[in-house]
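What follows is a single structure, written as structure tokens, with notes after it.
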Amino acid sequence: MTTLVTGATGNTGRHVVTELVRRGDRVRALTRNPAAAAAKLPSGVELVAGTHTAPATLAAALDGVTRLHITVTAGLAEVGPELVQRAVDAGVRRMTVVWGGGVGPVEQAVAESGVEWTLVEPQEFMSNTSGWIDSIRAEGVVREPYDRTSALVHEADIGVVAATALLEDGHAGQSYNLTGPESLTTHERLEMLSDAIGRDISFVRISHEQAIDRLIATGVPRADAEYVVGWYAAPNIESTTVVDTVERVTGRPARTFADWVTEHADRFRR
Ligand SMILES: NC(=O)c1ccc[n+]([C@@H]2O[C@H](COP(=O)([O-])OP(=O)(O)OC[C@H]3O[C@@H](n4cnc5c(N)ncnc54)[C@H](OP(=O)(O)O)[C@@H]3O)[C@@H](O)[C@H]2O)c1
């Protein structure tokens, strides 16, 4: 049996691949750039050139595949239902999806696919903290519009939950809301980072509009930038409320933000 993983080189997809490989699964990783993907993924993974946003081109990638992991990304909403149908027609019998932050056409299509499905619904990823690397390294500063609370989840835990749902029975028809094990303010996270790298980090408040403009400057469409910064201003209750889904599904406690900081501290040092 082969599992096809889309979004395989990304923040969550690479952890889905790593966990599947660790558990002895045969994994095919879909990527637009196999040469670059080889350095990011464990050996033994079959790399296939392509993109899940062009389902009509995926006949070879889906050949012999019985399990599919879908990473929702930009460009997938319009063609996601076609991807799901092509996967079912090709013989896929179990699907997981890491949602795009809400239940849209892709998540809906997976839930209506007629095969075993699990929706993985993480709240904020710990990897978002990487967005602070440049300003911390250069100036020892973080610029944010709000000091906000978040129960961030480690992206490796998202991967392990998805891999577990792909490989084990008992997860069909489930929607798994995922958080980390604690809810932390921005200042608490900065303090942990500061302790880890041995350097003071200043919090500089920017305006709501400056935060939107900063996102737009990185290529994010205005509507998405307004949504994200609006969410910073008034986070949804699910993103600040700790749930034990990671431990219930995987049998292991969720990774902490301190774990993430230990793994990534070098990236924040000068
Ligand atoms: N960050 C958060 O806090 C958060 C919270 C909840 C939900 N989410 C959602 O979770 C989902 C998964 O996030 P992620 O960070 O794991 O994904 P990601 O790293 O942004 O993307 C995964 C992979 O998909 C491919 N890809 C990216 N954009 C693409 C595009 N426009 N067209 C085709 N392929 C594309 C890339 O692989 P190749 O270049 O190798 O092809 C990329 O490595 C996203 O929908 C995100 O919005 C994020």
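Would you mind calculating the relative contact order of region 2-122 from Cα pairs under 8 angstrom and at least 6 residues apart, reporting the percent as a whole number? All intermediate terms of the calculation are to be shown ahead of the outcome.
Values: 235 pairs, mean separation 26.9, N = 121.
Relative CO of region 2-122 lands at 22 percent.
For the chain, build the charge dipole from Cβ charges (+1 Lys, Arg; -1 Asp, Glu) around the Cα centre, then report which of 77, 153, 268 sits farthest towards its positive end.
With unit charges placed on the Cβ atoms, the residue in question is 268.
Tell me the mean residue ellipticity at 222 nm calculated for the chain from its helices only (DSSP H runs of n ≥ 4, each -39500 (n - 2.57), averaged over every residue, nearest 500). Mind showing how you got there, number by number?
Values: 13 runs with 111 residues, N = 270.
So the helix-based figure for the chain works out to -11500 deg cm²/dmol.
Projecting each Cα onto the charge dipole of region 112-257 (Lys/Arg +1, Asp/Glu -1 at the beta carbon, about the Cα centre), which of 228, 196, 183 comes out farthest on the positive side?
It is 196, whose Cα lies furthest towards the positive end.
Quick check for me: using +1 on Lys/Arg Cβ and -1 on Asp/Glu Cβ, what's the dipole size of the chain about its Cα centre, in debye to the nearest 20?
Values: 25 positive and 35 negative charges, 160 e Å.
Dipole size: approximately 760 debye.
Defining a contact as two alpha carbons under 8 Å apart and six or more residues distant in sequence, what relative contact order in percent does the chain show? Let's see the in-between values first.
On the way: 518 pairs, mean separation 48.6, N = 270.
For the chain, the relative contact order is 18 percent.
Work the Kirkwood hydrodynamic radius out for the chain: mean of 1/r over every pair of different alpha-carbon atoms, inverted, in Å. Numbers along the way, then the final one.
Working: mean 1/r = 0.0515 Å⁻¹.
Here the Kirkwood hydrodynamic radius works out to 19.4 Å.
Considering every Cα-Cα pair within region 2-122, what fraction, in whole percent, is farther apart than 26 Å? Walk me through the numbers on the way to the answer.
Details: 669 of 7260 pairs.
When all Cα pairs of region 2-122 are counted, 9 percent exceed 26 Å.
For the chain, which DSSP H helices look membrane-span-like by this rule: Cα extent along the axis of 20 Å or more and mean Kyte-Doolittle of at least 0.5? Spell out each step's value before the answer.
Numbers: long enough: none.
Span-like helices in the chain: none at all.
Please report the net charge: other residues with Cβ closer than 12 Å to the Cβ of residue 175, K and R +1, D and E -1. Could you put the intermediate results ahead of the total?
On the way: positive: none; negative: 107, 121, 238.
Combined, the nearby Lys, Arg, Asp and Glu give -3.
Hey, rough spin-label estimate for residue 202 and residue 146, points 7 angstrom out along Cα→Cβ, what's it come to in nanometres?
Rounded to a tenth, the inter-label distance reads 2.4 nm.
Here, each number is a calculation from the coordinates, and none is a lab measurement. Predicted, not measured: the structure shown is a model, and the values here were computed from it. Glycine also receives a Cβ, built like all others from the backbone with ideal geometry; neighbour counts cover every protein chain displayed.
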